[in-house]
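Any read-out appearing in this document is the output of simple, stated calculations on the displayed coordinates, not a laboratory observation. Since the model is a prediction, treat every value here as computed from it, not as a measurement. As a convention, Cβ positions derive from the backbone with ideal geometry for all residues, glycine included, and neighbour counts pool all protein chains shown.
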Amino acid sequence: MKVNSNYFNLNESYLFSTITAKINEFSKYNPGKDIIRLGIGDVTLPLVPIVIDAMQKAVLEMGEAGTFKGYGEEQGYLFLRSAITRYYENKNVKLKEDEIFISDGAKSDLGNILDIFSIDNTVLIPDPVYPVYVDTNIMAGRKIIYIDGDINNDFLPIPNKETKADIIYLCSPNNPTGAVYNADQLKTWVNYALENDAVILFDSAYEAFIQDEELPSSIYQIDGAKDCAIEFCSFSKTAGFTGTRCGYTIIPHELKKENASLNKLWLRRQTTKFNGVPYIVQRGGEAVLSEQGLLQAKNNINYYLENAKTITGVLEKLDIWFTGGKNAPYIWLKCPDNMKSWDFFDYLLNETGIAGTPGAGFGKNGESYFRLSAFGKKENMIEAAARLENIGAKA
Ligand code: PLP
């Protein structure tokens, strides 16, 4: 008997456990000093009222013989897939209901999609990036190459002629950098994928944060993308569903490789290994996409973006380089005085009681950068901004 030895190639992730340990240590030696946590990648506002109403109604339906639901429709309930097609119509993207697969969030599908691709494919992953793309491919034993995001390309890497890859991960708005690709940049990626017979896995989990109407919030707003891209989205950050769990993956019928429809392969995979998202939760997802639901969800997003503005205002004042925070809940800053990410973490915590996330935890290009998250309470952001202003003088 042998285990999957690829797991031995995974880097142990000490990022969040080290952060917690350092915060605990700080609290021990500084009793009574309140710590402001700007490292959280999780939403903090509760579900909006219309979602709660819809889910309560669905719970009651489950208790009545006439409306009780057992296993749901294979790709997710049609009411939710139809609501998603209408949501995309507002982005000028036409989708068919059977191009949409309801999921329990973007993370599982981003990993599971690899089931339908050969192990021989080369994977291209931007650095820095959400670590799930790297780890899922290491687990499978696939060859990974990286494309550098850095200050010169505003952390939005673009392929060049020498880049040779079959599967490409793109995340826009980006975690951890908060950077967002514009239409021309995404067009370059789509052209690259079409010319190289590659597939783009487009993670749009943070699309609802995009304020600038010129910026694409779906890759299908780019001509040719339906022939080369799969899109992964989620209600997690759009409407606070991180604990409720609902998302969706879009595979257009046009997308074919070796004459096989990727939509059909994924349908086969999902019907074999996945039994769907609870009816109650899918009703909650449908409520998010109603007119009222979108307004309520937008209020929460605006709250987080106001938080981001409070922080970026101080960074501007202190003349600290940063990206993100305008169309994303993350702010990615250059550590002052070229400090290393972890040194800045210690410095910030000790001087101000603010805990963020060291950029080095997201890839080698994250070294000497730092992520601050806007998920949190307004009062805390105002207090954090005041404390940051003080360190400006010292740093
Ligand atoms: N994609 C990115 C870039 C993320 O940052 C996250 C979560 O933080 C996810 C996907 C996962 O989201 P979900 O809760 O839908 O699984």
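Within the stretch 348-379, which trypsin sites (Lys or Arg not before Pro) sit in a loop by DSSP and count at most 16 neighbouring Cβ atoms inside 10 Å?
Details: sites: 364, 371, 377, 378; in loops: 377.
Filter output for the stretch 348-379: 377.
Computed from the mean reciprocal separation of all distinct C-alpha pairs, what Kirkwood hydrodynamic radius does the stretch 7-148 have, in Å? Please list the in-between numbers first.
Working: mean 1/r = 0.0495 Å⁻¹.
After inverting the mean inverse Cα-Cα distance, the result is 20.2 Å.
Tell me the angle of helix 78-89 to the major Cα principal axis of the chain, expressed in degrees between 0 and 90 and rounded to the nearest ten.
Value to nearest ten degrees: 60.
For the stretch 183-232, what does the relative contact order come out to in percent, with C-alpha contacts under 8 Å and a separation of six or more? Kindly include the intermediate steps, with their values, before the conclusion.
Values: 57 pairs, mean separation 24.5, N = 50.
Taking the mean separation of contacting Cα pairs over the length of the stretch 183-232, I get 49 percent.
How big is the gap, in Å, between the Cα center of the stretch 29-84 and the Cα center of the stretch 221-274?
Spelled out, the Cα-based centre of one part sits 21 Å from the other.
Quick check: the angle from helix 378-394's long axis to the longest principal axis of the chain, C-alpha only, nearest 10 degrees?
40 degrees
Using only the C-alpha atoms of the stretch 73-169, find the volume of their convex hull and express it per residue in Å³. Don't skip to the answer; put the middle values down first.
Numbers: hull volume 13.8 nm³, N = 97.
Taking the convex hull of the Cα positions in the stretch 73-169, it is 142 Å³ per residue.
Where Lys and Arg each count +1 and Asp and Glu each count -1, what net charge lies around residue 173 among other residues with Cβ under 11 Å from its Cβ?
Local net charge: -1.
Taking 2.2 N^0.38 Å as the expected size of a compact globular protein, what ratio does the Cα radius of gyration of the stretch 204-346 give against it, to two decimals? Could the numbers behind the result be given before it?
Working: Rg = 19.3 Å, N = 143, 2.2 N^0.38 = 14.5 Å.
Here the Cα radius of gyration is 1.33 times the empirical estimate.
Obtain the nm distance between the two label points defined at residue 387 and residue 154 by a simple spin-label model: each point lies 7 Å from its Cα along the Cα-to-C-beta direction.
3.1 nm
May I ask for the angle, rounded to the nearest 10°, between helix 49-62 and the longest principal axis of the chain, with both axes built from Cα atoms and the value confined to 0 to 90°?
Its long axis makes an angle of about 40 degrees.
Give me the net charge for the shell around residue 77: Cβ to Cβ below 11 angstrom, other residues only, Lys and Arg +1, Asp and Glu -1. Intermediate values should be presented prior to the final figure.
Details: positive: 69, 81, 283; negative: 73, 74, 97, 286.
So the environment of residue 77 carries a net charge of -1.
Which entries of 107/326; 237/264; 226/264; 326/378; 226/256; 298/326 have Cα-Cα distances beyond 19 Å here?
Values: 107/326 24 Å; 237/264 28 Å; 226/264 15 Å; 326/378 16 Å; 226/256 10 Å; 298/326 14 Å.
With Cα atoms farther than 19 Å apart: 107/326; 237/264.
For the stretch 121-264, calculate the relative contact order in percent as a whole number, restricting contacts to Cα pairs under 8 Å that are 6 or more residues apart.
With pairs under 8 Å counted, the relative contact order is 17 percent.
Could you order the peptides 5-15, 336-346 from most to least packed, using the average number of other C-beta atoms within 10 Å per residue?
Values: 5-15: 10.2, 336-346: 16.9.
For the peptides 5-15, 336-346, the packing ranking is 336-346, 5-15.
Would you mind calculating the relative contact order of the stretch 300-395 from Cα pairs under 8 angstrom and at least 6 residues apart, reporting the percent as a whole number?
It comes to 31 percent, rounded to a whole number.
Debye sum, Cα scatterers, the stretch 49-292, no solvent: what log₁₀ I/I(0) at q = 0.12, 0.15, 0.16 1/Å?
-0.67, -1.04, -1.18
Under 11 Å from the Cβ of residue 144, count the other residues' Cβ atoms, weight Lys and Arg +1, Asp and Glu -1, and hand me the total.
0
Restricting to DSSP loop positions (anything but H, G, I, E, B) with no more than 16 other Cβ atoms inside 10 Å of their own Cβ, which GluC sites (Glu not before Pro) remain in the stretch 66-106?
Working: sites: 73, 74, 89, 97, 99; in loops: 73, 74.
Passing both the DSSP loop test and the Cβ count: 73, 74.
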